[in-house]
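These notes concern the structure reproduced below.
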Amino acid sequence: MSSPTADGPILEVHDLSIALPSGGDRKTAVRNVSFTVGRGEILCLVGESGSGKSVIAQSVMGLLPKSLPVTAGRILLQGEDITHAPLARLRELRATRMSMIFQEPMTALNPVMTCGQQIDEVLREHTKLSPSERRAKVLGILAEVLLPDPERMMASFPHQLSGGQRQRIMIAMALVLDPVLLIADEPTTALDVTTQAQILKLVLDLQARHGAGVLFITHDFGVVAEVAHRVAVLRLGDLVEIGPKQAVLQHPSHNYTRMLMSAVPTLHLKARALDPAAPLVLRVKGLDKTYDDRSWFGQRRHVHAAQDVDLEIRRGQTLGIVGESGSGKSTVARCIVRLVDPSGGRVMLGSGEGVDIAMMGAAQLRPLRKRVQIVFQDPYRSLNPRRTVAQALIEGPVNYGLGTAEAMQRARALLALVRMDPSAMDRYPHQFSGGQRQRICIARALMMEPELLVADEAVSALDVSVQAQVLQLFEEIRGRLNLAMLFITHDLRVASQVCDHLAVMSKGKVVEYGPAHEVFGAPQHAYTRSLFAAAPGRGYAFGVGEVPAAA
């Protein structure tokens with residue numbers, strides 16, 4: 001065993017190859033990959049889903065399943081070869097010399113242990129500190145990751161915290177023993193733009209303070225622009241490009257890198273000529289939704305998820321609602337689709353006075369539901385895993401009286417519209433990629449021939465290149481079918497690609513509303529300006545040699 005070296009790289013990966021199970025779309029998850037991470041350096045590992053990023057991270061931590069064996073190469077942590085280290089040695093190294101922040105903290109944290117107990121567990125396993133010393137260290141690290149009221153956070157369970165707070169707990173667990181290597185696997189993908197900016201700044205500050213080397217895994221070049229020193233680009237398990245951030249972002253040498261960068265949405269609005277006389281499809285007046293939250297001790301509090309919301313959408317136009325998590329955007333969408341019952345206000349479908357569905361009973365509502373359809377954020381959870389694509393597509397129209405043969409014919413036509421092969425009809429959801437599943441969900445919504453299509457964070461879980469394809473698909477569908485669309489997103493860059501009008505929500509209220517080019521060109525509200533300021537990589541024009549704007 002080599003002794004740790006103070007001057008050499010923290011992490012060295014040499015010609016690493018990892019096999020895939022037989023029957024896969026390729027033989028290796030990773031092939032002949034080499035890179036290093038130095039002390040105090042952040043190396044961003046970039047690529048689409050399936051490129052091998054997370055497999056590399058798990059191989060370093062010794063978390064690969066037996067079905068993904070390392071077939072060649074070496075992994076050195078401070079000079080020590082840990083490629084095939086025994087489990088006992090890996091357990092000694094985890095948290096003490098290398099730690100990992102996972103993508104989804106809610107699944108990574110134990111739901112039946114308090115956050116304080118979970119951080120304390122790391123200290124109990126790896127140190128001989130007394131209970132009082134451990135408690136002091138836990139409180140110290142919670143304060144260091146800028147969590148409010150560390151005492152309360154210690155006693156809280158994961159479900160009682162926000163997404164950003166849970167991610168801070170994960171960072172505290174990873175850094176409590178000052179490891180020399182920190183692996184961050186998509187730690188900001190599921191977060192809204194302002195929380196994402198806070199977490200990125202926190203990682204940068206803590207990394208500088210602790211002097212750790214960081215392997216940062218992401219598919220978002222905006223994040224790369226914010227945090228990276230060097231960038232490594234993976235494609236289908238092959239390392240196709242590696243170099244300093246400025247060189248890769250401004251002068252990419254590989255076509256795949258250039259393709260990924262061209263797919264990054266910008267904050268430059270794509271303005272479109274609109275018909276001001278187009279008929280109204282939806283008008284929302286004074287919409288209100290209040291939840292009664294009762295605690296275990298019988299105390300009640302009223303949560304105003306939406307307050308006095310006014311919106312309207314015309315045929316062939318898209319209204320975007322943007323805001324942070326908890327701003328009320330998804331609540332508004334669900335009230336419009338009547339997946340939840342509004343507490344007050346009006347939701348009118350159609351031109352003129354329209355039909356008010358806000359307080360309509362289930363029997364009256366049923367014939368009107370086909371006029372408004374929704375595409376959810378997670379396509380895998382939206383589709384029944386036991387139903388084929390054909391069964392999923394024809395279920396709605398058949399329930400409304402359409403013949404099976406005619407429904408099947410419509411399904412084939414819509415699959416072609418969303419660029420899916422007709423052979424998909426007989427397959428199941430798990431046999432498709434995330435982007436393909438979202439296309440199926442879009443086709444299923446269109447099967448009902450709706451007047452209004454609601455997309456609730458429909459691209460936030462997708463890779464940047466797949467996201468660009470789905471956004472383009474939404475645009476084509478809107479133009480071809482002359483649909484009205486309500487587009488819910490926390491990403492202003494995404495909103496700039498598809499929205500004609502924009503409503504900005506904060507704490508249940510619409511704080512700014514107007515034509516998208518006016519909101520983007522001269523935001524009036526301080527909250528809107530804070531959203532723009534938090535957009536990652538906002539100063540970069542990727543691949544065209546521009547110098548980033550000052551933060």
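Values in this text are rule-based calculations from the coordinates and carry no lab data. No experiment lies behind these values; they were computed from the predicted model shown. Because the Cβ atoms are built from the backbone with ideal geometry, glycine has one as well, and the counts that use them run over all protein chains shown.
Values computed for the structure shown
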| quantity | calculated |
| --- | --- |
| Beta bridges per DSSP with both ends in the chain, % antiparallel, nearest 5 | 55 percent |
| Candidate aspartates and glutamates - alpha carbon under 14 Å from Lys329, same-chain residues fewer than 8 apart omitted | Asp192, Asp288, Asp308, Asp310, Asp456, Glu457, Asp491, Glu512 |
| Net charge of Cβ neighbours under 9 Å - reference Gly328; Lys, Arg +1; Asp, Glu -1 | +4 |
| Proximal charge balance of Lys509 [Cβ under 15 Å; K/R count +1, D/E count -1] | -1 |
| Amide N proximity, segment 8-24 versus Lys66 label position 7 Å along Cα-to-Cβ, cut-off under 11 Å | none |
| Overall form of segment 186-344 per C-alpha gyration tensor (a/c, 1.5; a/b vs b/c) | oblate |
| Net lengthening on full extension, His268/Ala413 (0.36 nm per residue, minus Cα-Cα) | 48.8 nm |
| Eligible lysines near Lys128 by straight Cα distance, threshold 19 Å, same-chain separation 8 or greater | Lys137 |
| Exceeding the 29 Å Cα-Cα cut-off - candidates Lys66/Lys245; Lys245/Lys507; Lys201/Lys245 | Lys66/Lys245; Lys245/Lys507 |
| Pairwise label distance in nanometres, Leu368 with Glu475, each label 7 Å out on the Cα-Cβ vector | 3.4 nm |
| Net charge of Cβ neighbours under 12 Å - reference Val37; Lys, Arg +1; Asp, Glu -1 | 0 |
| Residue-averaged 222 nm ellipticity for the chain, from DSSP H runs of 4+ at -39500 (n - 2.57), nearest 500 | -10500 deg cm²/dmol |
| Tensor-based shape of segment 463-532 (alpha-carbon gyration tensor, a/c under 1.5 rounded, otherwise prolate or oblate) | prolate |
| Label-to-label distance, nm, for residues given as His251 and Asp81 (7 Å Cα→Cβ offset) | 3.8 nm |
| Ordering of 334-347, 81-94 by burial proxy (mean other Cβ atoms within 10 Å per residue, highest first) | 334-347, 81-94 |
| Listed peptides 428-441, 312-325 by packing density, highest first (mean Cβ within 10 Å) | 312-325, 428-441 |
| Highest-first arrangement of 170-176, 227-233, where packing means the average Cβ count within 10 Å | 170-176, 227-233 |
| Using a Förster distance of 22 Å, the FRET efficiency for Met106-Val303 (Cβ separation, nearest 0.05) | 0.65 |
| Cα shape, segment 197-286, gyration tensor, a/c 1.5 rule | oblate |
| Reachable aspartates and glutamates from Lys27, criterion Cα separation under 20 angstrom, eight or more residues apart if same chain | Asp15, Glu48, Asp238 |
